[in-house]
Amino acid sequence: MDEYQIKTKVVGVDISNESTTYAIVDIRGNILAEDNFPTTDYPDVNNFVTTLSDKIVTLVEANGGYETIRSIGVSSPSASSVSGCIENAANLPWKGIVPLSAMLRDRIGLAVGLSNDAHVSALGEYTFGSAHGMKNFIILSLGVGLGSCFFSAGNDHTGHHGYAGEFGHTCVVNHGRKCGCGQEGCLEAYAGAAGIINTAKELMAESNKASLMRELDKLSPRTIKECCDQGDELAIEVYRRTGEILGLGLANYASIVDPEAIILTGGISHAGKYLLDPTWQTFEDHVFGNMRGKVKILVSKLDDRERDVLGASALAWSVPEYSLFK
């Protein structure tokens, strides 16, 4: 009888709006090798998949070869784990339905698991981060987009079509700002990166008050936060308004799923007290009374890139093994 060789490595891929990171991860969660390239350099998805495939093959061959790799896990905005497709992404350069899982499998010849970036972040937090040991929690990613995932009784809830957790596309303002998804009044249009910038512009237009934001070459959540650190009242108001609407949305979310904690990830989560204090206050004012004071709001302690690559690797271990090279 031939001895079965257990493969001890997987590839984790994190596709974000700006860059794509890919890494070889071992069975203990150690990142053995990694690299990245700009997502924005590939407006044609076929060129993107070809480039990603070639780069994965190069990294794998330089670190033990194909025979050591079990499978590939991929994290992407607007991805469905049910269909294996990226579907109508609001913030990626590729529109419509992209069968990414099948495209990668055909080119590389290994099993590929694909899931929404928020779900993969939740898997990373559950396996390696702040949610370790929790069974009921919400992960909220605050960045260009606004994604979420919730775990119930130790399992992530993906929904019938794989779209569960599209918290950023819940309506918080009737006939409000236009969102990248095509709808109006979505939470993402207020608490995502572009939404925060629009709030800053609106505040500066409403008032003649002096503000360091008026002197910035480029407005961004990070530069607005830096203005807050210098005591800029208008900048502080930007995050107060953002936190107020975010806290209201989270109160509704928590009242439905009853989590132990809400864990914030992504660059905007690092705005600190300017965002967290109004978010918490509004959350406590509006959450179901029996939950008041019982739901923790935490900021992830993991590096965003590391968590999402590790989450993608955890996804890779969960897909049935397949290889053209057996």
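The values are calculated or read from the model by the stated rules, or taken from the named source; none is laboratory data. Note that the coordinates shown come from a computational prediction; the quantities given were computed from them, not determined experimentally. Virtual Cβ from ideal backbone geometry, glycine too; neighbours counted across all protein chains shown. Accessible surface is based on the protein model in full, side chains and every heavy atom, while ligands, DNA and RNA are left aside. Shrake-Rupley method; radii C 1.70, N 1.55, O 1.52, S 1.80 Å.
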For a quick check: with amide H placed at 1.01 Å from N, whose amide H comes under 5 Å from I263's, ignoring anything fewer than 5 positions away on the same chain? I138, I139, L140, L298
Taking 0.36 nm per residue of sequence separation and subtracting the Cα-Cα distance, how much length would be gained by fully extending the chain between S220 and M291, in nm to one decimal? 22.1 nm
Assuming 1.002 mPa s and 20 °C, estimate D for the chain with Stokes-Einstein, Rh taken as the Kirkwood radius over Cα pairs, in µm²/s. 104
Looking at the P(r) of region 246-288, how many percent of alpha-carbon pairs lie beyond 11 Å? 65
Residue-level accessible surface for D277, protein heavy atoms, 1.4 Å, Å²: 100
Residues whose built amide H sits under 5 Å from the amide H of L32, excluding neighbours closer than 5 in sequence, are I24, V25, D26
State the answer as a single residue: which of S255, V309, P38 lies farthest towards the positive end of the charge dipole of the chain, with beta carbon charges of +1 for Lys and Arg and -1 for Asp and Glu, about the Cα centre. S255
Using the Kirkwood formula on alpha carbons, the hydrodynamic radius of region 1-58 in angstrom works out to 12.8
Size of charge dipole - region 176-254 - debye, nearest 20, with Cβ of Lys, Arg +1 and Asp, Glu -1, no other charges: 160
Toy charge model, Lys and Arg Cβ at +1, Asp and Glu Cβ at -1: the chain dipole around Cα centroid in debye, rounded to 20, equals 360
Tell me, what is the percent relative contact order of the chain, built from C-alpha pairs under 8 Å that lie six or more residues apart? 21
Under Stokes-Einstein, with the Kirkwood radius over Cα pairs standing in for Rh, what whole-number D in µm²/s applies to region 258-326 at 25 °C and 0.890 mPa s? 164
Scaled by the rule-of-thumb 2.2 N^0.38 Å, the alpha carbon Rg for region 169-326 gives a ratio of 1.23
Ordered by residue, what ³J(HN,Hα) values in Hz, to whole numbers, does region 147-159 give under the Karplus form 6.51 cos²θ - 1.76 cosθ + 1.60, where θ = phi - 60° and Gly and Pro are x? x, 8, 8, 10, 9, 10, 6, x, 10, 6, 9, 9, x
Where a Cα-Cα gap under 25 Å defines reach, which lysines qualify for K7, not counting those fewer than 8 residues away within the same chain? K55, K326
Starting from the Kirkwood radius over alpha-carbon pairs of region 71-134, derive D by Stokes-Einstein at 4 °C in a medium of 1.567 mPa s and give it in µm² s⁻¹. 104
W94 neighbourhood, Cβ < 12 Å, K/R = +1, D/E = -1, net charge -1
Projected onto the charge dipole of the chain (unit charges on the beta-carbon of Lys, Arg, Asp and Glu, signs +1, +1, -1, -1), the Cα from N47, Y126, G289 with the largest positive-side position is that of G289
Accessible area of region 196-326 belonging to carbon and sulfur atoms, whole % at 1.4 Å probe: 51
Kindly flag which residue pairs out of K178/K273; K225/K273; K95/K218 have an alpha-carbon separation exceeding 20 Å in this structure. K178/K273; K95/K218
Which value in Å is the Kirkwood Rh of region 18-175 over different Cα pairs? 16.7
Charge context of A271, other residues only, Cβ under 9 angstrom, K/R +1, D/E -1: +3
So what is the 222 nm mean residue ellipticity for the chain from helices alone, if each DSSP H run of at least 4 adds -39500 (n - 2.57) and you divide by all residues, rounding to the nearest 500 deg cm²/dmol? -11500 deg cm²/dmol
What angle, in degrees between 0 and 90 and rounded to the nearest 10, separates the Cα long axis of helix 193-206 from the longest principal axis of the Cα atoms of the chain? 20
Quick query: amide H of G113 versus all other amide H atoms, modeled in the peptide plane; which residues come in under 5 Å with a sequence gap of 5 or more or a different chain? I72, G73, V74
Just order 145-152, 51-58, 218-225 by mean Cβ neighbour count inside 10 Å, highest at the front, would you? 145-152, 218-225, 51-58
What is the magnitude of the charge dipole of region 201-245 about its Cα centre, with +1 placed on the Cβ of each Lys and Arg, -1 on the Cβ of each Asp and Glu, and no other charges, expressed in debye to the nearest 20? 120
For region 1-109, what is the largest minus smallest coordinate of the Cα atoms on each principal axis, given in angstrom and ordered from greatest to least? 49, 27, 23
Please give the net charge around K294, taking every other residue with its beta carbon less than 14 angstrom from that of K294, where Lys and Arg add +1 and Asp and Glu add -1. -1
Report the normalised scattering of region 191-276 as log10 I(q)/I(0) at q = 0.13, 0.23, 0.26 Å⁻¹, calculated by the Debye formula with identical scatterers on the alpha carbons. -0.43, -1.09, -1.34
